[in-house]
């Protein structure tokens, strides 16, 4: 999604959650300063080289979902690419899957993301108003390819193609990159392992936003969007027009 199309959605999200845009700008400035020179350039083209024309499996971290069964996909040429949302990178690595791309705001098990980056994953780091300290701690520790993103208008070093949470932002990135189709694995918008009631309500509200945004992506996007079920079936994401299929 182009930024002009995405901006009205984010303005509503920002109003709902009370995100001060000034803090977003501070985080973006800090990420730009922390990124090495090569990580500041051609972020989207570098992602596209990994995803364009391929089935893209976006892996979330829903409880008990486990790693995606990549072996169930046919041996297409090019083969499917995996995009891990934050902590799902560790689930993938444990199954011997090195994600092509990791989308993260650095609030998960970041050492596993660093390990995946060392093994070849391109890590897209999202700056936002609540993660400046995490940016300062972790961005210098990634040994390989990085790109940067943020919530505001695209900058030379930071892109924004839509999405709010790591999971739906990964799907927006796959669609923007020209994925043949997008398969969502490990997405659950109601299961939150959070004992604190206030934190649980806030996380559920964020997941509700993600669910709505994915419906919008299914409706507007060019890449068919499916939920990949544990039985191997592919169910069109609600809101889209693509037909059901199994592989």
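Evaluation of residue 33 against the conditions (1) surrounded by fewer than 22 Cβ atoms within 10 Å (Cβ to Cβ); (2) touching a residue at least 40 places away in the same chain (Cβ under 8 Å); (3) more than 19 Å from residue 172 (Cα to Cα) shows that the sole unmet condition is (2). Scanning segment 16-28 for residues that are within 12 Å of residue 151 (Cα to Cα), part of a helix (DSSP H, G or I) and over 20 Å from the mean Cα position of the chain (by Cα) returns 21, 22, 23, 25, 26. Here the strands (runs of 3 or more DSSP E) wholly within segment 141-235 that include at least 3 residues being more than 27 Å from residue 119 (Cα to Cα) are 225-228. The residues of segment 56-71 that are within 11 Å of residue 81 (Cβ to Cβ) and surrounded by fewer than 24 Cβ atoms within 10 Å (Cβ to Cβ) amount to a single one, 70.
Have a look at 91, 98 and point out the one that is buried (at least 19 other Cβ atoms within 10 Å of the Cβ) and either in contact with a strand residue (DSSP E or B) (Cβ under 8 Å, 6 or more places away or on another chain) or not in a helix (DSSP H, G or I) (or both). First the steps, then the outcome.
Details: 98 fails: buried (at least 19 other Cβ atoms within 10 Å of the Cβ).
On inspection, the qualifying residue turns out to be 91.
When residue 45 is tested against (1) modelled with pLDDT of 95 or more; (2) buried (at least 16 other Cβ atoms within 10 Å of the Cβ); (3) part of a helix (DSSP H, G or I), just one condition goes unmet, and that condition is (2).
When restricted to residues that are in a helix (DSSP H, G or I), farther than 26 Å from residue 95 by Cβ and in contact with a helix residue (DSSP H, G or I) (Cβ under 9 Å, 6 or more places away or on another chain), segment 112-133 contains 1.
In the set (1) surrounded by fewer than 24 Cβ atoms within 10 Å (Cβ to Cβ); (2) in contact with a helix residue (DSSP H, G or I) (Cβ under 7 Å, 6 or more places away or on another chain); (3) in a loop (DSSP other than H, G, I, E, B); (4) on the phi < 0 side of the Ramachandran plot, the condition left unmet by residue 106 is number (4).
Among 233, 177, 199, which is the only one that is more than 17 Å from residue 85 (Cβ to Cβ) and either in contact with a strand residue (DSSP E or B) (Cβ under 8 Å, 6 or more places away or on another chain) or crowded, with 23+ Cβ neighbours inside 10 Å (or both)? Lay out the reasoning, then the answer.
On the way: 177 fails: more than 17 Å from residue 85 (Cβ to Cβ); 199 fails: either in contact with a strand residue (DSSP E or B) (Cβ under 8 Å, 6 or more places away or on another chain) or crowded, with 23+ Cβ neighbours inside 10 Å (or both).
After applying the criteria, what remains is 233.
Applying the selection to segment 1-51, what residues are within 24 Å of residue 214 (Cα to Cα) and touching a strand residue (DSSP E or B) at 6+ places or on another chain (Cβ under 7 Å)? Scanning segment 1-51 gives 43, 44, 46, 47, 50, 51.
The values are calculated or read from the model by the stated rules, or taken from the named source; none is laboratory data. Owing to the predicted nature of the structure, the values given are computational and were not obtained by experimental measurement. Virtual Cβ from ideal backbone geometry, glycine too; neighbours counted across all protein chains shown.
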